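S.K.: Following this message is one structure expressed as structure tokens.
Just so it is clear, none of the values below were taken in a lab; they were calculated from the coordinates. Computed from a predicted model, the values in this text were never measured in an experiment. When we count neighbours, we look across all protein chains shown, and the Cβ atoms used for this are built from the backbone with ideal geometry, even at glycine.
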Amino acid sequence: MQLPIYQLDVFTRDIFKGNPAAVVIMEDVTDHRLMQNIAAENNLSETAFIMKGPDHYRIRWFTPTVEVDLCGHATMASGHVVLYLLDPESREVVFQSAQYTLTVRKKGDHLAMRLPAAKSEKCAVPSDLLRGLGKEPAEVYKSDDYMAVFESRNDIKAMQPDFEALRKLDCRGVIVTAPGDNADMVSRFFAPSIGVLEDPVTGSAHTKLVPYWSDRLGKKELHAEQLSSRGGKLICQNQGEHVELMGKARIYLEGYIHTQ
């Protein structure tokens, strides 16, 4: 069996920057073991598996070690594949996961992706979070991730996490964020518990970042920068119950997976 596969760099204009994701076209997305094996073989932070339906695509996302409930950059990569390669006449595509209905549409020369906004509750600083980050944040919030807020861009850029301490936390991952110099906000994202030490650019993290910074800065449109080694930039809109993320994607490779 041969499965079409595409690898893209997302939230960037340039190859070798942004966040790489793989998109695999399937006739069926029920073989969990096969999809997990492919994701492990790809060894990217996320591989998306999509299957065409009558009016939408089914989508599932896997890291090299586990399936996850939501992945923003791999959804945008999937949108690029559908809207520019598989169905270039379309302006919008709908993806249906087990929990979410997500849309990606063409918006000028960008792609715009709509994700559900996430609610985070302010909390005390867990000892493993403090140990893992090496510096006490000004504030901490919790949803399925911890979000630690710091004072400056340099706090985020200079951070050298203790991943073993972060792995002990009862969450998917850890977002660290601060005001930007040339952006409204900057961030990084660490998720060692799901096999991703540091994610280059994290769409799902911005479902927590955008509501927080929108309220704090009194702005609906925000420019965001993720300070990983590859780096990435997003234009974000707070739409109340949803967050819209705008960015670009570049195809790095396309080919076929041979499963037998």
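S.K.: Run the simple label-point estimate for Asp170 and Met1 please: 7 Å along Cα→C-beta, distance reported in nm.
M.R.: Placing both labels 7 Å along Cα→Cβ, they lie 3.9 nm apart.
S.K.: Can you run phi through the Karplus equation (6.51, -1.76, 1.60; θ = phi - 60°) for segment 195-201 and list ³J(HN,Hα) in whole Hz, with x for Gly and Pro?
M.R.: So the Karplus estimates, Gly and Pro as x, are x, 10, 4, 9, 8, x, 8 Hz.
S.K.: Okay, moving on. Of all beta bridges DSSP finds with both residues in segment 121-238, what is the antiparallel percent, to the nearest 5?
M.R.: Among the beta bridges of segment 121-238, antiparallel pairing accounts for roughly 75 percent.
S.K.: With both bridge residues required to lie in segment 1-106, what share of the DSSP beta bridges run antiparallel, to the nearest 5%?
M.R.: Percent antiparallel among DSSP bridges in segment 1-106 is about 75.
S.K.: So, one more: May I ask for the net charge around Val81, where only other residues with Cβ less than 11 Å from the Cβ of Val81 are counted and Lys, Arg are +1 while Asp, Glu are -1?
M.R.: Neighbourhood net charge equals -2.
S.K.: Applying a 10 Å radius around every beta-carbon, put 221-228, 160-167, 203-210 in order of their mean neighbour count, most first.
M.R.: Result, highest mean Cβ count within 10 Å first: 203-210, 221-228, 160-167.
S.K.: Where does the chain land at 222 nm, in deg cm²/dmol rounded to the nearest 500, when only DSSP H runs of n ≥ 4 count, each adding -39500 (n - 2.57), divided by all residues?
M.R.: Helices in the chain give a 222 nm mean residue ellipticity of -5500 deg cm²/dmol.
S.K.: So, R0 is 25 Å and r is the distance between the beta-carbons of Tyr252 and Arg91; what FRET efficiency does that work out to, to 0.05?
M.R.: According to the calculation, E is roughly 0.55.
S.K.: So if R0 is 30 Å, what FRET efficiency would Leu197 and Cys123 give, r being the distance between their Cβ atoms, rounded to the nearest 0.05?
M.R.: After rounding, the FRET efficiency stands at 0.80.
S.K.: Then there is this: At 0.36 nm per residue, and after removing the present C-alpha to C-alpha distance, how many nm does the segment from Leu130 to Lys157 gain when stretched out fully?
M.R.: 8.0 nm
S.K.: So what are the ³J(HN,Hα) numbers for segment 169-184, from phi and the Karplus equation (6.51, -1.76, 1.60; θ = phi - 60°), rounded to whole Hz, Gly and Pro as x?
M.R.: Couplings: 6, 8, 7, 5, x, 10, 9, 10, 8, 7, x, x, 8, 10, 9, 5 Hz.
S.K.: Report ³J(HN,Hα) in whole Hz for each residue of segment 252-259, in order, from the Karplus equation J = 6.51 cos²θ - 1.76 cosθ + 1.60 where θ = phi - 60°; Gly and Pro get x.
M.R.: For segment 252-259, the Karplus curve yields 9, 8, 8, x, 9, 9, 9, 9 Hz.
S.K.: Order these peptides, 59-67, 234-242, by their mean beta-carbon neighbour count within 10 angstrom, highest first.
M.R.: 59-67, 234-242
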